[in-house]
Amino acid sequence: MDPITIEVIKYATIFIAEEMGIILRNTAFSPNIKDRHDHSCAIATASGEIVAQAEHIPVHLGSLFVGIKNVLEYLSKEGISLDQGDIIITNDPYIAGTHLNDVMLLKPIYVKGKILGYLVNKAHHVDVGEDIIKVLQSNVRVPKYFKGDLMAQIASLNVGEKRILELINRYGYDVISESWNEILAYTEKFTRSKINELVKTYDLVGIYEASEYMELSDNSLVKIKVSVSINSESIHVDFSGTDPQVNEPINAVYGVTVAATTFALKAVIDPQMPMNSGFYRVIRIQAPKGSLVNPEPPAPVGGGNVETSQRIVDVIFKALSKALLDRVPAASCGTMTNVIIGGKNWVFYETIACGSGGRPSSDGVDGVHTNMTNTLNTPIEVIEQNYPILFIRYELRRDSEGPGKYRGGLGITRAFKVLEDNVILTIFSERSLIRPWGIAGGKEALPSEHYVIRSNGKVERLGSKGKTILNKGDIVVINTPGGGGYGDPCTRDRELILKDISEGKISVKKAMKYYCFEEHG
């Protein structure tokens, strides 16, 4: 086929996925989708391979590769066929590939009685119920938000369908179908060539291993272990040795493990290339069934999507740092710091930003959603307008970075007061015991630290995971971790140290202790 036509169709398809996202968030009701953009959109071939995806949430997008396949296999097994206009809705984490709050919609693209492909999106609903819309509405605290967000997802699919049909009217069914297949084949070929370059450039041989530990609610630890082997055209990632699934919601379904693994590998291979299922053809993932990274039902998995995914990225980067030190960062904060707060008729959810890891040639980023998430923060004005919450502080967390020649990014301090009684607060985070690590001589970052200041002045420490009841006047303080440092902090440019001090990001005391800084030098 004409390569110019293929390229035009490739980027047209990608932009259709992007437009689907624009429609979804512009018509959504809840702040989590409308303001934070906690949603993702993609387009798949008739066989279920993703041909285009918008630049949305990595943990959603990577898991859609598994979710679409699972849905199509389920339909085939049950003898169910989709007619034109039908939409599949599922939030089963063992099918859709993330957790219950992520509601996945899939719609076939019919052209003259044949399925060309599928439109798919996934959005995080703060409150979820059962499996029929009216029943769902009766099982959530804010039914207006739930139905509005679901209708926004449907509108997104309808617009995507309209745009694909316009593309077909211009180029024809066969040209679009063949172009999509060529796009996947090219991505596969390109990825294999990039892997081959890495093998030759870095003389990659052997197996690269690493382990990370996650925290349970009783402060005990569970292990994620990974072994990465790279040959001239493919990569094998093996999680054998990872601890068995646990009776706490940090188990990560297979779709999450696939998403985190491919995210980390793509960042190392070529972060700029458009992502589609051609990439997955060269990656082999072995995740033992019944383990923390591939649990079996009914293991709880709500936090695997948001927390374990982050640590899978960390452990793969740690393993690859032994061979590709100039291509991987130090550990990022390793948590999305989930804050869920609600009363009788309202509920608010947000993930709080943190610091990313120092990089081979630049600092980590301050106060950013790292790795598997790509959401915005909810503006304080929006929160205060919609919920009985008053913000006290929202700032970068001083001295939270991991020192290094290229320091880690700073975490966030976010403090707010509740304005009514009987409010339930849930914190689900990580890195309160195991700090984000540095590499190449870089140092660890500060861990997470959360607490409640009661209206009587009493301070109640919260662990990385837990729940408490708040009453009017209580103040919640969230401190997220920074990112680890890269390189010896004593080699950091003095002008950068002075800049950080002048901006209040690090103290003179810390500069003198870790950066070999002399105040009057």
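With Rh defined as the Kirkwood radius, the inverse of the mean 1/r over Cα pairs, the Rg/Rh of the stretch 30-110 is 0.96.
Over 31 Å between C-alpha atoms is what I'm after, so list which of Lys69/Lys467; Lys318/Lys465; Lys77/Lys465 land there. From the list (Lys69/Lys467; Lys318/Lys465; Lys77/Lys465), the Cα-Cα distance tops 31 Å for Lys69/Lys467; Lys77/Lys465.
The Cys residues in the chain with no partner Cys Cβ within less than 4.7 Å of their Cβ are Cys41.
Per residue, the average separation of C-alpha pairs within less than 8 Å and at least 6 apart gives the chain a relative contact order of 13 percent.
Compute the distance from the alpha-carbon center of the stretch 433-474 to that of the stretch 31-51, in whole Å. So the two Cα centres are separated by 33 Å. Applying 1/(1 + (r/R0)^6) with r as the Cβ-Cβ distance of Lys344 and Lys223 and R0 = 45 angstrom yields a FRET efficiency of 0.65.
Quick one: go through the stretch 255-290 and flag any residue whose amide nitrogen is under 17 Å from the point 7 Å out along the Cα-to-Cβ line of Glu73. In the stretch 255-290, the label zone of Glu73 (backbone N under 17 Å from the point 7 Å along Cα→Cβ) covers 255-259, 280-281, 283-290.
Seen from all directions on average, the stretch 198-327 presents a Cα convex hull projection of 7.9 nm².
Kindly rank 460-470, 38-48 from highest to lowest mean number of other beta carbons found within 10 Å of each residue. Numbers along the way, then the final one.
Numbers: 460-470: 16.4, 38-48: 24.9.
Order by mean packing, descending: 38-48, 460-470.
What is the calculated FRET efficiency for Tyr394 to Thr5, with r their C-beta to C-beta distance and R₀ = 41 Å, to the nearest 0.05? Efficiency, from the Cβ-Cβ distance: 0.25. If you take all other residues with their beta carbon under 10 Å from the beta carbon of Thr375, and give Lys and Arg +1 and Asp and Glu -1, the sum is -2.
Please compute the alpha carbon radius of gyration of the stretch 329-521, then divide it by the globular-protein estimate 2.2 N^0.38 Å. Two decimals is fine. Before the final figure, lay out the partial values.
Details: Rg = 17.5 Å, N = 193, 2.2 N^0.38 = 16.3 Å.
The stretch 329-521 yields a ratio of 1.08.
Note on the stretch 3-171: with charges restricted to the Cβ of Lys and Arg (+1) and Asp and Glu (-1), its dipole about the Cα centre is near 320 debye. Converting the Cα gyration tensor eigenvalues of the chain into ellipsoid dimensions via √(5λ) gives semi-axes, longest first, of 37, 30, 21 Å. For Val382 and Leu419, a Förster radius of 22 Å and the Cβ-Cβ distance give a FRET efficiency of 0.90, rounded to the nearest 0.05. Each peptide in 211-222, 6-17 gets a packing score, the mean of other Cβ atoms within 10 Å over its residues, and the list from highest to lowest is 6-17, 211-222. Using only side-chain charges placed at the Cβ, +1 for Lys and Arg and -1 for Asp and Glu, the dipole size of the chain relative to its Cα centre rounds to 660 debye.
With the charge dipole of the stretch 198-327 set up from +1 on Lys and Arg Cβ and -1 on Asp and Glu Cβ about the Cα centre, the Cα lying farthest toward the positive end among the listed residues Gly206, Thr261, Phe239 is that of Gly206.
I need the semi-axes of the equivalent ellipsoid of the stretch 140-205: take the C-alpha gyration tensor, multiply each eigenvalue by 5, square-root it, list largest first in whole angstrom.
Values: eigenvalues 311, 123, 7 Å².
Semi-axes from the Cα gyration tensor: 39, 25, 6 Å.
At 0.36 nm per residue, minus the direct Cα-Cα distance, what do Leu498 and Glu519 gain on full extension? Give it in nm, one decimal, please.
On the way: separation 21, 0.36 × 21 = 7.56 nm, distance 0.91 nm.
Taking 0.36 nm per residue and subtracting the Cα distance, the gain is 6.6 nm.
Which peptide among 361-367, 399-405 comes first, and what is the full order, when sorted by highest mean count of other Cβ atoms within 10 Å?
Details: 361-367: 20.6, 399-405: 29.6.
Listed from highest to lowest mean packing, they are 399-405, 361-367.
The separation of the stretch 53-102 from the stretch 149-176, counted between C-alpha centres, amounts to 18 Å. Couplings for the stretch 14-29, taken from phi via the Karplus curve 6.51 cos²θ - 1.76 cosθ + 1.60 with θ = phi - 60°, read 4, 5, 4, 4, 5, 5, 4, x, 4, 4, 4, 6, 6, 10, 6, 9 Hz in order; Gly and Pro are left as x. Where in the stretch 449-489 does the label zone of Leu433 land, with the point 7 angstrom along Cα→C-beta and an amide N cut-off under 14 Å? Hits in the stretch 449-489 for Leu433 at 14 Å: 463-466. Taking the Cα centre of the stretch 256-322 as origin and assigning +1 to Lys and Arg Cβ atoms and -1 to Asp and Glu Cβ atoms, the resulting dipole is close to 220 debye. With a cut-off of 11 Å on the backbone N, no residue of the stretch 88-126 is near the modelled label site 7 Å out from Phe15 along Cα-Cβ.
Each value in this text was obtained by applying a stated rule to the coordinates, not by laboratory testing. Please read these numbers as outputs of a predicted model, since none were measured by experiment. Because the Cβ atoms are built from the backbone with ideal geometry, glycine has one as well, and the counts that use them run over all protein chains shown.
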